[in-house]
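Structure record follows, encoded as structure tokens.
The values are calculated or read from the model by the stated rules, or taken from the named source; none is laboratory data. Everything numeric in this text was worked out from a predicted model, so none of it was measured. Because the Cβ atoms are built from the backbone with ideal geometry, glycine has one as well, and the counts that use them run over all protein chains shown. Heads up: the accessible areas ignore ligands, DNA and RNA and are worked out on the full protein's heavy atoms, side chains in. Shrake-Rupley method; radii C 1.70, N 1.55, O 1.52, S 1.80 Å.
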Amino acid sequence: MDISTLLAQPSPSDQEPTGASSTPLYQSATFAVDEDSKWDYSRSGNPTRSVLESQLALLDGAEEALAFSSGVAAIAAVLRLVPCGGRIACAQDVYGGTFRLLQLLGQEHAWAIRFFDLHDPDLERHLAEYSPDLFLAEVPSNPLLIAADLSRIRAQLPSKTLLAVDHSMVTGLRLRPLDEGADVAIQSATKFLGGHGDLTGGVVSTNSEGLAATLRFRQNAEGTALAPFPSWLLLRGLQTLPVRLQRSLDTTREIRDLLVQHRGVERVFYPRRSEQECTVLSFATGSVARSRAILRNTRLFRTTVSFGSVFSSISMPVEMSHASVPVEYKETCAIPADLIRISIGLEDREDLWGDLREALDAVGDQVHLPLEVCL
Ligand SMILES: *Cc1c(COP(=O)(O)O)cnc(C)c1O
């Protein structure tokens, strides 16, 4: 069956007694302990979360998926598969919170951490020399939205290296990292999976029984699993994910084409691989002051750091989501200070473009630079 059918109709838990046609919210910390029951304590297992995790596994084409309390909790769990003193390789140009987490956990675990340019022609040699325990990549990159060739990265990695891929931007609906050689796939459910800007959650999927067991053991020991209510909200979000994504993608492509032609826009950043096209796009205006003015001028595009919601949003990554990235990395990743990132929701396309165009027109087009759509 198609994934949209599977997401629309979650199978009830095998212990669901009521025949409820929508998955009930089991907002309970404890369950009566008897021999037949699978459930005792919600930190260890909850029927609502369990249905959600089955749906998330279907979405990622995975044997198992684990729902975490946030995207960064999911990333932290994966990073900590690396032993103390181990080596981590990370793609440049990743989510700002991922940098912060790497710095924090890296000190505590005495990890060596190095950042790599995925498009470096000598990547394979550099990786072979470094021989990391884990390679963490994000597809497409954030906020420059550079698509990555996962199969090529896998082929260039030493065989012992775990490949972890954060595909929050595209979701399992468009890209299944596990099919392209990743050992674990990570998503922030706060973004498109939840889709309504009303929950925080994270997902780790894997086909490895061993990794799943380790992650699940620690998730229970540390109490990082997703609580029942956001699990229920996320199940609801997944039911409409395919239609939300399709509609927002259509609008995003149209707005991308209009932005490329606008005189106030210097460069538009959007993934070049179709499976990594997403509902987020970035553009540079040529001046930080003009970009700030555009953020002040839009009304429908709300200034928020997140993306993937029913409502559209706008941000300046260098000053907002990537504020925690150390300056030297911001420079290596070449994130322009005037970069604007927008996330397209479900509003009417004409309304959205009207809002953005007015904001752009209001700041004028000082210079007309050559237009370019980047990688
Ligand atoms: C938001 C985000 C995260 C972190 O997720 P939270 O749910 O905010 O903890 C991780 N990776 C990417 C690509 C993100 O956009």
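Taking every C-alpha pair closer than 8 Å and separated by at least 6 residues, the mean separation divided by the residue count of the chain gives a relative contact order of 18 percent.
What does DSSP give for region 3-238 in terms of the percent of beta bridges that are antiparallel, rounded to the nearest 5? Kindly include the intermediate steps, with their values, before the conclusion.
Details: 12 of 28 bridges.
Approximately 45 percent, going by the DSSP bridge assignments.
For the chain, the longest principal axis of the alpha carbon atoms and the long axis of helix 209-222 meet at an angle near 90°. Summing charges over all other residues whose Cβ lies under 12 Å from the Cβ of residue 194, with Lys and Arg as +1 and Asp and Glu as -1, gives +2. Let me know the Kirkwood hydrodynamic radius for region 222-295, please, with Cα pairs as the basis and the value in Å to one decimal. About 15.2 Å for region 222-295. Is the C-alpha gyration tensor of region 241-374 telling us rounded, prolate or oblate? Criteria: a/c under 1.5 is rounded; beyond that, a/b larger than b/c is prolate, otherwise oblate. Rounded is the answer for region 241-374, as its axis ratio a/c remains below 1.5. Applying the Karplus relation 6.51 cos²θ - 1.76 cosθ + 1.60 with θ = phi - 60° to region 237-242 yields 3J(HN,Hα) values of x, 5, 4, 9, 3, x Hz, where x marks Gly and Pro. Computed over protein heavy atoms with a 1.4 Å probe, the carbon and sulfur contribution to the accessible area of the chain reaches 50%. Peptides 19-27, 356-364, ordered by how many other C-beta atoms sit within 10 Å of their residues on average, highest first, read 356-364, 19-27. Contact order, relative form, for region 238-350: 29 percent (alpha carbon pairs under 8 Å, 6 or more residues apart, mean separation divided by residue count).
Net charge around residue 252, counting only other residues with Cβ within less than 11 Å of its Cβ (Lys, Arg = +1; Asp, Glu = -1)?
Once positives and negatives cancel, what remains is 0.
For region 3-238, the square roots a ≥ b ≥ c of the C-alpha gyration tensor eigenvalues yield an a/c of 1.5 or more together with a/b exceeding b/c, which makes the shape prolate. Taking the centroid of alpha carbons for each part, region 229-278 and region 47-91 are 24 Å apart.
If you roll a 1.4 Å probe over the heavy atoms of the protein chains, what accessible area per residue do you get for the chain, in Å²? Mind showing how you got there, number by number?
Working: 15730 Å² over 375 residues.
Value for the chain: 42 Å² per residue.
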